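Student: If you scroll down you'll find the structure; I have some questions about it.
Nothing in this text is a laboratory measurement; each read-out follows from the coordinates by a stated rule. Just so it is clear, the model here is predicted, and its values are computed rather than measured. Cβ coordinates were reconstructed from backbone atoms using ideal geometry, including for glycine residues, and neighbour counts include every protein chain displayed.
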Amino acid sequence: MKNFMLILCYDGTRYRGWQKQGNTDNTLQQKMETLLTKLLQQETEIHASGRTDAGVHARMQVCSFRAETERSCGDLLKDIRAYLPEDIGAISLEDAPPRFHARLSCREKTYLYRIWQSNQPNVFERKYLYFLPGELDTDAMKKAADILTGRHDFSAFTTDRRVRTGKKEGEREIREIRFEQQRDAEGNPLYLNISYTGDGFLYNMARILTGTLLEVGKGRRSAESMTALLESRDREQAGPTVPAQGLTLWQVKY
């Protein structure tokens, strides 16, 4: 039995997320398992580094699966690429150590959230941005991000009921939150990119963190309020869950 590591990228626009579900076959996991089962002529289960939500994209999604086969990685990768739809790309396939597991072996992930601040239309990137025209107080947002960085209970930043009811651990470590802003020649804001690097993320955590930081940027809450928000463990006190289209799983480390 061989163990494989497959790295994918995908446009998540038309999918119901990564994890397979009983009421639809339109998930990335289901698509990949159906394809691998066909190519390898055996039932194949695939695991990913993280379960991206419906509409979320991935620049680097690391997956693992096991199979009884004598086929080389190069030969199998060629066939995977041939049968994948145009919005899913297979970057690489290689043999993995026997104990490697894409999710359990993962040590760090980075998510990138992209915001379009201009009033001008952005036709070609519209599926990968959150449109929010206007200025934001990025200095205040950075102060709030400093408070959120570190190991905390992020129960206030998830819609996972298991965490909110205490059935699942809500503690995670955010190692870095970075801001990158681009302006046009006249000094008007165009992009604001926010990246989150941590040891793991709760369900909808990156999107709720972004929604909360944007409220700080709009002056609707103070940066200092992040301390009480973390301590509250109350989802109702955090900001909105921003749209999935602006979020991309950017990098995974082992």
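Student: Let me check against my output: what whole-number percent is the relative contact order of segment 108-253, with C-alpha pairs under 8 Å and at least 6 apart?
Tutor: Values: 296 pairs, mean separation 56.4, N = 146.
Normalised by residue count, the contact order of segment 108-253 is 39 percent.
Student: Rounded to the nearest 20 Debye, what is the dipole magnitude of segment 1-70 about its Cα centre when Lys and Arg each give +1 and Asp and Glu each give -1 at the C-beta? Numbers along the way, then the final one.
Tutor: Details: 9 positive and 8 negative charges, 42 e Å.
The calculated dipole for segment 1-70 is roughly 200 debye.
Student: In debye, nearest 20, what is the charge dipole magnitude of segment 85-239 about its Cα centre with +1 on Lys and Arg Cβ and -1 on Asp and Glu Cβ, if you could check?
Tutor: Values: 25 positive and 25 negative charges, 119 e Å.
Charge dipole of segment 85-239: 580 debye, to the nearest 20.
Student: Report relative contact order for the chain in percent, whole number only (criteria: Cα-Cα under 8 Å, sequence separation at least 6). Can you show the working numbers first?
Tutor: Values: 542 pairs, mean separation 61.8, N = 254.
This gives 24 percent for the chain.
Student: First check a/c for segment 2-95, with a ≥ b ≥ c the square roots of the eigenvalues of its C-alpha gyration tensor; if it is under 1.5, answer rounded, and if not, answer prolate when a/b is larger than b/c or oblate otherwise. Write down the numbers at each step before the final one.
Tutor: Numbers: a/c = 1.77, a/b = 1.49, b/c = 1.19.
Cα axes put segment 2-95 in the prolate bin.
Student: Got a sec? How would 11, 139 order by Cβ neighbour count within 10 Å, fewest to most? Could the numbers behind the result be given before it?
Tutor: Numbers: 11 18, 139 11.
Arranged by neighbour count, lowest to highest, 11, 139 become 139, 11.
Student: I need to check one value: relative contact order of segment 72-154, counting alpha carbon pairs closer than 8 Å and at least 6 residues apart, in percent. The partial results should precede the final answer.
Tutor: Numbers: 33 pairs, mean separation 15.3, N = 83.
Relative contact order for segment 72-154 comes out at 18 percent.
Student: May I pose another question? Whole Å is fine, so just give me how far the alpha carbon centre of segment 58-74 lies from that of segment 1-54.
Tutor: A separation of 11 Å, based on Cα centres.
Student: Setting aside same-chain residues fewer than 8 positions from residue 253, which lysines have a Cα under 29 Å from its Cα?
Tutor: Within the straight-line cut-off, residue 253 pairs with 2, 20, 31, 78, 109, 127, 142, 143, 167, 168.
Student: Right, another one. Please work out whether segment 169-254 counts as rounded, prolate or oblate from its C-alpha gyration tensor, where a ≥ b ≥ c are the square roots of the eigenvalues and a/c under 1.5 means rounded, while otherwise a/b larger than b/c means prolate and anything else oblate?
Tutor: On the way: a/c = 2.01, a/b = 1.24, b/c = 1.62.
In terms of gyration-tensor shape, oblate.
Student: Could you tell me the distance between the Cα centroids of segment 92-132 and segment 133-204, to the nearest Å?
Tutor: 14
Student: For the charge dipole of segment 77-234, defined by +1 on Lys and Arg C-beta atoms and -1 on Asp and Glu C-beta atoms about the Cα centroid, which residue among 105, 190, 136 has the Cα displaced farthest towards the positive pole?
Tutor: 105
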